[in-house]
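The values are calculated or read from the model by the stated rules, or taken from the named source; none is laboratory data. None of the values given here were measured: they were computed from a predicted structure. Glycine gets a Cβ as well: all are built from the backbone with ideal geometry, and neighbour counts include every protein chain shown. SASA here: full protein model, heavy atoms, side chains in, ligands and nucleic acids out. Shrake-Rupley method; radii C 1.70, N 1.55, O 1.52, S 1.80 Å.
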Amino acid sequence: MRRRTHTLLTAMLLTFTLLVTACGSTQTDNSAQQTPQPQSQEQTDQQAASREKVTIRLATWAGAQEAQELEAIIDRINAESETFQIVHEPAPADYYTKIQTMLAGGTAPDLIWLAQEYVVPYAARGALMDLTDRLKADSRPAANLDDYFPLVLEHAMYEGKVYGLPWIGQPVIVYYNKDLFDEKGIPYPTDDWTWEEFRNLAVQLTDKEKGIYGTSFNGWPPVHMFIWQAGGEVISPDLKSSPIDSPEAIRALEFYSSIIYNEEVAPSMATVNEQGFSEMFKAGKIAMFFGGASDDLDRVEGLRVGHVRVPKGPANRTTFAWAASTVINAKTPHPDEAYDALIALTEGIHNWKIVPPRRSMATAEQITKNEPRKAEGAEVIMQAAQEMRAFRIIPNHPEWDTIFWEQLQDPLYSKKGSAAELAARARASLEEVLP
C-alpha cells in the first residue's frame, strides 16, 4: 500500500548575541561588563512564534457528560505540553458520516476516535498513519505494546503494522438482580457456572405472567462470543476463512437461538422493542443481563445488583470486549506533535476509562480508582478482562458484517432455518469478501 511521506515541522532556533562593551577607562580589574543589546520587534515576534503550540484537533463521539470529563484530561495535558495543544471536537451525532466526509475532503482532525470495526478498513485505504516505528522507539508506558492485551490490540493492527492505540477494552460481564433470585429462593450464580446452568436459571427465574424473564438477548451479547467459547472461530486467524459451519460454531448458534426471543427464558422481540432492552433490567424485569463493564446497570436506585463473569462455554470462558482506539490522520500536517499528543492522551484516558486495555493497569485497584462507583464489581471486571477478546476485523468488514447479519443471524433469530442450514449457506458469501 502506498503511503504519503510527511514533512517534519521543527521549531525555529534563535541565537542571542551578547556584545561586550567597555565600562570605562578607569577599570582596574581588566574585566568586561556585558550589556545585552535590545531586541528588535522582529526578534521578539520570532521568539514568541517559536514558543507557540501546534494545534492538534481531536474528533470523538463523546456526549455532553463524557466530553466534559475528557476535556478535563485534555486541559491537564495541554498545561504540561510545550509543543502542542489538543482541541476537542466532539460529534455525538452521525459521527462516522462526518469523519468519512472530512477524510474525503482533506479536512479531518489530526486525532480520531474509531471503534474496533473501523480501524482496519480505514488503515487499508491509507487514511491512517502507521505508528509502528514510532512506538518501537518510544519508552513511554502508553507506547509499550507488550503491555496491551493482544486480543484487544489486534483490532488496531493491519498487515503487521500498528495504526492506533486502544483506549478501552470493556469486557462483557453478567449483572444480576439479587431480589429476583431471593424471591425464588435461588442461589446467586457462581464463578464456575456453565451455559447449561445459565439457561436453567433463566427458566427458573422467568415468570411470564408478571412480565419477568430470566435473561434477554437481541443480537447482544454478540453471538461471536459464544462461538469462541465453544472453540470455534468467526474469522480464522489467517483471515482466509469464516468457519461458521464448524461443529463448534453450530453448537454455539443453536444455544444462542434457544434463548433469543424465547419466552421460556427471555422476552419477545415485541416486548423488547416496546419496553427497551437494558431498560427492562433497570425496571426489575430481567434477572440476568449481559452488559459492558462500565455500564450503569449497577447504579439504579433501589436495584440490588450483583456481578459475575459470563458463563463458561464448552471450551473456555472468552468474553467479548468492546474496544476502541485513537488513530492519527495520515494527512496530519503535524505528525510529530500529533504522535506525542496521542501518547499523552492515551495515558490520560487509561486513567479514566474502564477497563484500561493494558495488563499492568487491569487491576481491581485501578478500576476502582478510575470509576469509584464500580468498586463492588471491580474484582469480577478485573477477572473478565483477562479473558476478553475484540472482533477480528478485515478491510471489507462492513460488507462482511452485513452478510453475517442478513444471511445468518437475523433468519436464525427469526426461526427461518436451522443453524446448520443457514451457516452452510452464509459461509460462501462471507468468504467472498475476505482478503
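Structure data summary
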item	result
Matching residues in segment 173-229 - criterion: being out of contact with any Leu (no Cβ under 9 Å at 6 or more places or on another chain) and either small (Gly, Ala, Ser) or on the phi > 0 side of the Ramachandran plot (or both)	185, 202, 211, 216, 219
Residue count, segment 380-410 (criterion: open to solvent by less than 60 Å² (accessible area, probe 1.4 Å), closer than 16 Å to residue 224 by Cα and out of contact with any Ser or Thr (no Cβ under 9 Å at 6 or more places or on another chain))	8
Only listed residue being under 15 Å from residue 173 (Cβ atoms) and crowded, with 19+ Cβ neighbours inside 10 Å, chosen from 299, 358, 317	317
Whichever residue in segment 147-201 is β-branched (Val, Ile, Thr) and not in a strand (DSSP E or B) and, among such residues, is nearest to the chain's Cα centre (by Cα)	152
Neighbours by Cβ (under 6 Å, 6+ apart or cross-chain): first from segment 294-308, in contact (Cβ under 8 Å) with a residue 60 or more places away in the chain and of a type in the set (A, V, I, L, M, F, W, C); second open to solvent by 30 Å² or more (accessible area, probe 1.4 Å) and part of a loop (DSSP other than H, G, I, E, B)	305/298
Number of positions in segment 90-142 that are outside any helix (DSSP H, G or I), farther than 17 Å from residue 59 by Cβ and open to solvent by less than 60 Å² (accessible area, probe 1.4 Å)	4
Filter result (in contact (Cβ under 8 Å) with a residue 24 or more places away in the chain, in contact with a helix residue (DSSP H, G or I) (Cβ under 7 Å, 6 or more places away or on another chain) and open to solvent by 30 Å² or more (accessible area, probe 1.4 Å)) within segment 411-428	420
Matching entry among 187, 222 (being modelled with pLDDT of 95 or more and under 26 Å from residue 391 (Cβ atoms))	222
Given (1) in contact with a Phe, Trp or Tyr (Cβ under 6 Å, 6 or more places away or on another chain); (2) open to solvent by less than 10 Å² (accessible area, probe 1.4 Å), number of the condition residue 170 does not satisfy	(2)
Filtered residues of segment 244-265 (kept if open to solvent by less than 30 Å² (accessible area, probe 1.4 Å), closer than 17 Å to residue 409 by Cα and either assigned to a loop (DSSP other than H, G, I, E, B) or among the acidic types (Asp, Glu) (or both))	244, 246, 259, 260
